[in-house]
Amino acid sequence: SRTSISQVLAGALAAGQPVTVKGWVRTRRDSKAGLSFIHVHDGSCFAPIQVVASNELPNYAGEVQRLTTGCSVSVRGEVIATPDRPQPFEIRADSVEVLGWVEDPETYPIQPKQHSMEFLRGVAHLRPRTNTFGAVARVRHTLSMAVHRFFDQRGFFWVHTPIITTSDAEGAGEMFRVSTLDLANLPRTENGAIDFEQDFFGRAAHLTVSGQLNVEAYAMALSNVYTFGPTFRAEKSNTSRHLAEFWMVEPEIAFADLHEDADLAEAMLKSVFTDLLNERADDMAFFEERVQKGVLQRLESFVSTSFERMEYTDAIRHLEGAKKKFEFPVKWGVDLATEHERWLTEEHVGRPIVVMNYPKEIKSFYMRENEDGRTVAAMDVLAPGIGEIIGGSQREERLDVLDRRMDEMGLDREGYAWYRDLRRYGTVPHAGFGLGFERLVVYATGIANIRDAIPYPRTPGSAEF
Ligand code: 4AD
Ligand code: MG
């Protein structure tokens, strides 16, 4: 059995008590007085623990002095209080057992120094051993649990929506195909098209871009639901904000409109950041100090200010009046680019904004058409320092309007037959949104690139590990 290093450092054991910890060596320093100071981490908290091993240990010269970064060890010893040091406790070792050596210490990729993020992406299987990626992993966990807690406490049910799907939830054609057909020898129909009837599912299938349509069906039965799982987009956006595989949190609320949707988004973001600040102070202190100055203050002000609500039409007016020269020109009808979003939230308003009621031409088919006939009840939450973090809408619950919208956008009604059923059988106003989970992690930690917010990033041209 073992005690986690987080427990030892938190003072769960009284000084003088025997303890066994297991983990990986971060550094080793030997003193002339015949002592080795070994920093061992096990990922349970940000800090490693200092193990003091003396030359009286039988394997001191043979093994302890040969320990290098990355070796795994089991240490038995006594907890010593060190109140005048940065770490409140250390362990005086009675035995140090080496569990696994590092074969070739010179070429071990994770050296005790600062590595570039690019380099670490190339060793995604070893990077969780670094300070940064250990912290990212713990923050991801804490934010995930905070998301579930938020919804659970409000009576939402977590619905597991499918990964493999035959409908394009965004209607944007950015789906990865799922198929068992032989690419070199595709079956053809009489007119030469690929015969998907001969494929595994008897029709064309894809990886989901969003669980929304499926979760809407559950909102039409359980009222308040959410889905939280992986989603996939084959968009060729090679940017620091896009992944081909990312996780999305998608609540769906029945008997609700766009304003209630915006309120839910605001409450959820504040709740999960509050939990993060409370539960991961050690990791957040690291991000503040070593990754992005000001990230803590940004989160603290995020949870304590109320979000601005702004009409899309007003956002365009403000942007047109800006002194700043934008790369992408602004006029009513354009989608907001990141530079516009950031100007609005950072320079114009100085706090998070919910932009509402976008032109229907730039939004998805399922969004509810407004009275004016040219906008839909869509909302994006814009956060200072990142831009869009959440996208959502009130859904079109009127079958005739939905059908017209699908026709306008060239979507085939048959493919969405079950989705249309929800409007035919007991339709109600409902709304929901999608939070890109990695965008949340980027925002919370201040790391620059979304590829470092997920353990194994998938981007165009890259799916290693
Ligand atoms: O705005 P999007 O495309 O909305 C939807 O998918 C809706 N079905 C959500 C809903 O209403 N249930 O995506 C939602 C969020 C974005 O705001 C962004 O945070 C994130 O998902 N996102 C991505 N994150 C990483 N990589 C990508 N390629 C992303 N595309 C969207
Ligand atoms: Mg969006």
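The values are calculated or read from the model by the stated rules, or taken from the named source; none is laboratory data. Predicted model only: the values in this text are computed from it and were never measured. Virtual Cβ from ideal backbone geometry, glycine too; neighbours counted across all protein chains shown.
Where residues in the range 10-22 are in contact (Cβ under 8 Å) with a residue 40 or more places away in the chain and closer than 20 Å to residue 86 by Cα, which of them is surrounded by the most Cβ atoms within 10 Å (Cβ to Cβ)? Walk me through it before giving the result.
Filtering the range 10-22 for residues in contact (Cβ under 8 Å) with a residue 40 or more places away in the chain gives 11, 13-22.
Within this subset, residues satisfying the condition of being closer than 20 Å to residue 86 by Cα are 11, 13-16, 21.
Working: 11: 12, 13: 16, 14: 8, 15: 13, 16: 10, 21: 24.
It comes out as 21.
Of all residues in the range 70-111, those being aliphatic (A, V, I, L, M) and part of a loop (DSSP other than H, G, I, E, B) number 2.
So which residues in the range 408-427 are at pLDDT below 95 and not aliphatic (A, V, I, L, M), if there are any at all? 408, 410, 412, 413, 414, 415, 416 - these are the residues of the range 408-427 that are at pLDDT below 95 and not aliphatic (A, V, I, L, M).
Those helices (runs of 4 or more DSSP H) of the range 359-453 in which at least 3 residues are away from ligand 2 (no atom under 16 Å from the Cβ) and without any contact (Cβ under 8 Å) to a residue 24 or more places away in the chain, considering only elements entirely within it, cover 399-408, 417-424.
Take the residues in the range 232-255 that are hydroxyl-bearing (Ser, Thr, Tyr) and within 16 Å of ligand 2 (Cβ to nearest atom); name whichever of them is surrounded by the most Cβ atoms within 10 Å (Cβ to Cβ). If you could, list the steps in order and put the result at the bottom.
Applying the first criterion (hydroxyl-bearing (Ser, Thr, Tyr)) to the range 232-255 yields 237, 239-240.
Add one more test, that the residue is within 16 Å of ligand 2 (Cβ to nearest atom), and what stays is 237, 239.
On the way: 237: 13, 239: 11.
Ranking the qualifying residues of the range 232-255, first place goes to 237.
Of all the residues in the range 385-415, those that are touching a Ser or Thr at 6+ places or on another chain (Cβ under 8 Å) and away from ligand 1 (no atom under 15 Å from the Cβ) number 3. Only one entry of 295, 249, 215 meets the criterion of being out of contact with any strand residue (DSSP E or B) (no Cβ under 8 Å at 6 or more places or on another chain) and among the β-branched types (Val, Ile, Thr), and that entry is 295. For the range 222-239, a residue qualifies if it is assigned to a loop (DSSP other than H, G, I, E, B) and more than 10 Å from ligand 1 (Cβ to nearest atom), and the qualifying residues are 223, 236, 238. If we scan the range 263-285, do we find a residue that is outside any helix (DSSP H, G or I) and touching a helix residue (DSSP H, G or I) at 6+ places or on another chain (Cβ under 9 Å)? Yes, the conditions are met somewhere in the range 263-285. Scanning the range 454-465 for residues that are of a type outside the set (Val, Ile, Thr) and in a loop (DSSP other than H, G, I, E, B) yields 455, 456, 457, 458, 460, 461, 463, 464, 465. Between 266, 245, 216, the distinction of being at pLDDT 95 or above and more than 10 Å from ligand 1 (Cβ to nearest atom) belongs to 266 only.
In the set 130, 161, only one residue is over 12 Å from the mean Cα position of the chain (by Cα) and without any contact (Cβ under 8 Å) to a residue 24 or more places away in the chain; that residue is 130.
Every condition in (1) more than 10 Å from ligand 1 (Cβ to nearest atom); (2) assigned to a loop (DSSP other than H, G, I, E, B); (3) among the β-branched types (Val, Ile, Thr) is met by residue 355 except one, and the failing one is (2). The one condition from (1) surrounded by fewer than 16 Cβ atoms within 10 Å (Cβ to Cβ); (2) within 25 Å of residue 223 (Cα to Cα) that residue 413 does not meet is (2).
From the list 204, 221, 193, exactly one residue is out of contact with any strand residue (DSSP E or B) (no Cβ under 6 Å at 6 or more places or on another chain), within 30 Å of residue 435 (Cβ to Cβ) and surrounded by fewer than 14 Cβ atoms within 10 Å (Cβ to Cβ). Which is it?
221
Within the range 416-424, at least one residue is away from ligand 1 (no atom under 16 Å from the Cβ) and either of a type in the set (Gly, Ala, Ser) or crowded, with 20+ Cβ neighbours inside 10 Å (or both).
I'd like to know if the range 193-202 contains one or more residues that are in contact (Cβ under 8 Å) with a residue 24 or more places away in the chain, of a type outside the set (Lys, Arg) and either outside any strand (DSSP E or B) or touching a Ser or Thr at 6+ places or on another chain (Cβ under 9 Å) (or both).
Restricting attention to the range 193-202, the residues satisfying the condition of being in contact (Cβ under 8 Å) with a residue 24 or more places away in the chain are 201.
Okay, now just the ones that are also of a type outside the set (Lys, Arg), so 201.
Still in the running and either outside any strand (DSSP E or B) or touching a Ser or Thr at 6+ places or on another chain (Cβ under 9 Å) (or both): 201.
Checked the range 193-202: at least one residue is in contact (Cβ under 8 Å) with a residue 24 or more places away in the chain, of a type outside the set (Lys, Arg) and either outside any strand (DSSP E or B) or touching a Ser or Thr at 6+ places or on another chain (Cβ under 9 Å) (or both).
Within the range 87-102, is there a residue that is within 21 Å of residue 132 (Cβ to Cβ) and at pLDDT 95 or above? Yes; the residues of the range 87-102 include at least one that is within 21 Å of residue 132 (Cβ to Cβ) and at pLDDT 95 or above. Among the residues in the range 120-132, are any surrounded by 15 or more Cβ atoms within 10 Å (Cβ to Cβ), part of a loop (DSSP other than H, G, I, E, B), out of contact with any strand residue (DSSP E or B) (no Cβ under 6 Å at 6 or more places or on another chain) and among the polar types (S, T, N, Q)? Within the range 120-132 (the criterion being surrounded by 15 or more Cβ atoms within 10 Å (Cβ to Cβ), part of a loop (DSSP other than H, G, I, E, B), out of contact with any strand residue (DSSP E or B) (no Cβ under 6 Å at 6 or more places or on another chain) and among the polar types (S, T, N, Q)), the answer is yes, since at least one residue qualifies. Here is a list of conditions, (1) part of a loop (DSSP other than H, G, I, E, B); (2) within 25 Å of residue 20 (Cα to Cα), and residue 114 meets all of them except one; can you say which number that is? Among (1) part of a loop (DSSP other than H, G, I, E, B); (2) within 25 Å of residue 20 (Cα to Cα), residue 114 violates only (2).
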